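Step one of this worksheet: look at the structure below.
The values are calculated or read from the model by the stated rules, or taken from the named source; none is laboratory data. Because the structure is a prediction, the values reported are computed rather than measured. Methodologically, a virtual Cβ is constructed for each residue, glycine included, from the backbone with ideal geometry; neighbour enumeration extends over all protein chains shown. Protein only, heavy atoms only, side chains kept; ligands, DNA and RNA dropped before computing areas. Shrake-Rupley method; radii C 1.70, N 1.55, O 1.52, S 1.80 Å.
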Amino acid sequence: MSPPLFLSDPSRLESDRIVLEGPEGRHAAAVRRLRPGERVDLGDGEGRLVECVVTSAERDRLHLEARTRRHVSRPDPRIVVIQALPKGDRGELAVETMTEVGVDVIVPWAAARCVTQWRPERRAKALARWRGTAREAAKQARRAWLPEVTDLATTADAVSRIADAPLAVVLHEEAERPLSGLPVPDSGDLVVVVGPEGGLTDEEVAAFAAAGGVPTLLGPTVLRTSTAGVAAASVLLSRTGRW
């Protein structure tokens, strides 16, 4: 079984003797109940990993000895999912599963037909939940790089990302070209647009197509907006060789 991964301030990772404290330390000591002699990995969320061994444990912290250090290169090509806001807690589900499979950038998008809308007074809290979910899922998946969860995007923001990407696909149940058959570039951002429960408007489809987005069929079934992103990302990850 892989050793657990905890996140640490980058400045602490330079030392050969590291104290893991705060929320991460409390979780490691009190919840995971890690004990002397057990392996632990520390990371900074930006590619740096330190393999450690627990030397002593207190109620709310661990004392660690660093054994080896390595740096994992930033993934390329990057998988970017523009995710229309799902209903209820399905947004966090989408973030969790996309993070676990390896999505690099998650863009919450206020599509025209989204049932859920992040009003100004609750936007910061909702975004914090998405980012917290991504952080915890990245630790669970032992990711060296935390995914970026951007600020809430408008349709114009989504169009801009599509225009700048070497490949951008727009998932649509009426499309004829299958995602699995598209040529995939070796580098750059691979953008996937996932519409809301109510579907994309004609205006959104037209704007994305004008920017270079390719209407694409994911498969013979219609997936929920909270699961379509992870399915599409899985196809692209297998095509790029990252899987």
Worksheet entry | Approximate spin-label separation residue 76-residue 180, in nm, with each point projected 7 Å along Cα-to-Cβ | 3.0 nm
Discussion item. Can you tell me which of 139, 87, 125 moves the most in a GNM of the chain? Springs connect C-alpha atoms under 10 Å apart.
Written reply: 125
Worksheet entry | Loop-resident sites, the stretch 164-243, for trypsin sites (Lys or Arg not before Pro), counting at most 16 other Cβ within 10 Å (DSSP) | 224, 242
Worksheet item: What full-extension length gain, to one decimal in nm, is calculated for residue 35 and residue 53 as 0.36 nm per residue of separation minus the Cα-Cα distance?
Response: 5.5 nm
Practice prompt. May I ask you to list the residues of the stretch 205-228 whose amide nitrogen lies under 13 Å from a point 7 Å from Cα along the Cα→beta-carbon direction of residue 122?
Written response: none
Worksheet item: What 222 nm value per residue comes from the helices of the chain, counting each DSSP H run with n ≥ 4 as -39,500 (n - 2.57) and dividing by all residues, nearest 500 deg cm²/dmol?
Response: -9500 deg cm²/dmol
Worksheet item: Given a 1.4 Å probe, how much area per residue of the stretch 88-219 is accessible, in Å²?
Response: 47 Å²
Worksheet item: Pick from 142, 129, 32: which residue has the top mean-square fluctuation in a GNM of the chain where Cα pairs under 10 Å get a spring?
Response: 32
Fill in: the chain, dipole about Cα centre (Lys/Arg Cβ +1, Asp/Glu Cβ -1), debye to the nearest 20
860 debye
Response to the item:
Dipole check, the chain, charges on Cβ (K,R +1; D,E -1), about Cα centroid: among 25, 107, 190 the Cα furthest to the positive pole belongs to 25
Worksheet item: Quick one: Karplus J couplings for the stretch 26-35, per residue in order, coefficients 6.51, -1.76, 1.60, θ = phi - 60°, nearest Hz, x for Gly and Pro?
Response: 5, 5, 5, 7, 8, 8, 6, 6, 6, 10
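Any chance you could run the full-extension gain for residue 151 through residue 87? It's 0.36 nm times the residue separation minus the Cα-Cα distance, nm to one decimal.
21.2 nm
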Worksheet entry | the stretch 162-226: GluC sites (Glu not before Pro) falling in loop per DSSP and having at most 11 other Cβ within 10 Å | 174, 176
Worksheet item: Once the dipole of the chain is set up with Lys and Arg at +1 and Asp and Glu at -1 on Cβ about the Cα centre, which of 212, 84, 52 lies farthest towards its positive end?
Response: 52
Worksheet entry | Rough spin-label spacing in nm, given labels placed 7 Å along Cα→Cβ, for residue 14 and residue 222 | 5.7 nm
Worksheet item: Antiparallel as a % of all DSSP beta bridges within the chain, to the nearest 5?
Response: 45 percent
